[in-house]
Amino acid sequence: MAELAAAADRNAEALLADEEAEKEAEQRAKERKAKKKKKKKGRGGGSGAGPSQEPQGEEAEAVAAAEGGAMAAAEEAELAAALQKNARLEEKRRVAEEQPPQPEAPPREEEPPEPEAPSREEPPPPADFICPITTEVMSDPVMATDGHSYERKQIERWLATKSTSPMTGEALEHSILTPNHALRGRIREWQEAHHC
C-alpha cells in the first residue's frame, strides 16, 4: 500500500514539474512577444537628417504587418503546442487522482497463514557452561584444584606446560582433574532443551 502511495506521489510530482515547465515556456513566449512589440514601436524615421533606410508609409505598414503576422503565427503555434501539452498533463493528473489506490495482493484464503518462524536467536548458555580457555560450551567438564571447571582436553594441554590456574594465575596444588558430572548433566539438559 505504501508503495502505491509513493508511486502516486511521484506521478503527482512529475505532473507538477511538467506543468511548471509549460508555464515557464508560456512566460518566455509572452516576454518574446512583448519585446517584439517594443521593437515595432521603436522603428521610426531616424534623426530626420536624410532619407531613412526603413520603409515608410504604406510600405512600412505592409512590412510590419508581414513581420508581425509571421511572428504572431509562430508565437501562436508555440502557444498552441504549450496549451495542448498542458491539457494532456491536466488529463493525466485528473486520471491519476480519480483512480483509487490499488490494494496489495489480497491474501489467499486457500492457504493458511504461515506460522511464525521460531526465533533464530538462541539464548546464550549460562556462564558456568563455558570453558574459560576455549570460551565454548563444555562437553567433558572437569574440575581442577582451583575450584573452576574446564574442558578436559584444554586443561590437560594447559597443565602439560604450566602448573598454574588459567583463571587465577596462582600455582595449583596438583594436576589431578576431577570429572564434574553434575555440570555435565546440566549442560546436556540445556542442549536438549535448546536443540544444540
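Can you spot a residue in segment 150-161 that is open to solvent by less than 50 Å² (accessible area, probe 1.4 Å), not aromatic (Phe, Trp, Tyr) and not in a helix (DSSP H, G or I)? So far as segment 150-161 goes, yes, one or more of its residues are open to solvent by less than 50 Å² (accessible area, probe 1.4 Å), not aromatic (Phe, Trp, Tyr) and not in a helix (DSSP H, G or I).
Of all residues in segment 144-188, count the ones that are touching a residue at least 40 places away in the same chain (Cβ under 8 Å) and either over 25 Å from Glu122 (Cβ atoms) or touching a strand residue (DSSP E or B) at 6+ places or on another chain (Cβ under 9 Å) (or both). Count: 3. Looking only at residues of segment 162-196 that are among the β-branched types (Val, Ile, Thr) and not in a loop (DSSP other than H, G, I, E, B), we find that the one that is least open to solvent (accessible area, probe 1.4 Å) is Ile187. Could you grab me the full set of residues in segment 126-149 that are in contact with a Ser or Thr (Cβ under 8 Å, 6 or more places away or on another chain), charged (D, E, K, R) and open to solvent by 50 Å² or more (accessible area, probe 1.4 Å)? Scanning segment 126-149 gives a single hit, Asp128.
Within segment 140-178, if we keep just the residues that are of a type outside the set (Asp, Glu) and in contact with a Cys (Cβ under 9 Å, 6 or more places away or on another chain), the residue that is nearest to Ala193 (Cα to Cα) turns out to be Pro141. Just one residue in the set Ala105, Ala96 is of a type in the set (Gly, Ala, Ser), closer than 30 Å to Lys23 by Cα and at pLDDT below 75; that residue is Ala96.
The values are calculated or read from the model by the stated rules, or taken from the named source; none is laboratory data. This is a predicted model, so every value here is computed, not measured. When we count neighbours, we look across all protein chains shown, and the Cβ atoms used for this are built from the backbone with ideal geometry, even at glycine. Side chains are part of the model used for accessible areas, which takes the heavy atoms of the whole protein and leaves out ligands, DNA and RNA. Shrake-Rupley method; radii C 1.70, N 1.55, O 1.52, S 1.80 Å.
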